[in-house]
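Since every read-out is calculated from the coordinates, none of them should be taken as a lab result. The shown structure was predicted, so the numbers you read here are calculated from the model rather than taken from an experiment. Note that we place each Cβ from the backbone using ideal geometry, even for glycine, and neighbour counts take in every protein chain shown.
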């Protein structure tokens, strides 16, 4: 994780959450319009998810529960019910056709400005 932090900072991303070695979050440079995107790196262990393939891919949606209802119409169901986690994101996991785990989430302001944001 330390090497990844240095690598992404070298690419110009700003470290905004650090819980290394388990989790870090970066903010991309501010675009001309709108809010900057973020990139999260999360340690994955073999017993952490039913899938034995990596990576864990994060997709942010505006309203997770409404989005899951839309996916149900396409016979896509989460591995477990959506849940609000300790880090204040509402999350649910699905598999893509290749078996990669995709974490769908709604973070709102906590994506960029969690109470524990690094100054």
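How would you order 37-45, 102-110, 71-79 from highest to lowest mean count of nearby Cβ atoms within 10 Å?
Working: 37-45: 14.6, 102-110: 17.4, 71-79: 11.4.
Top to bottom by mean Cβ count within 10 Å: 102-110, 37-45, 71-79.
Extension gain, residue 32 to residue 74: 0.36 nm times the residue separation minus the Cα-Cα distance gives 11.5 nm.
What is the Å³ per residue value for the convex hull set by the Cα atoms of segment 44-119? Walk me through the numbers on the way to the answer.
Details: hull volume 7.8 nm³, N = 76.
Hull volume normalised by residue count: 103 Å³.
For the peptides 9-15, 81-87, 20-26, the ranking by packing is 20-26, 9-15, 81-87, with the highest mean count of neighbouring Cβ atoms within 10 Å listed first.
The calculated FRET efficiency for the pair residue 96 and residue 62, based on their C-beta separation and a Förster distance of 22 Å, comes to about 0.60. Solvent-free Debye calculation, one equal scatterer per alpha-carbon of segment 1-46: log10 I(q)/I(0) at 0.18 Å⁻¹ equals -0.52.
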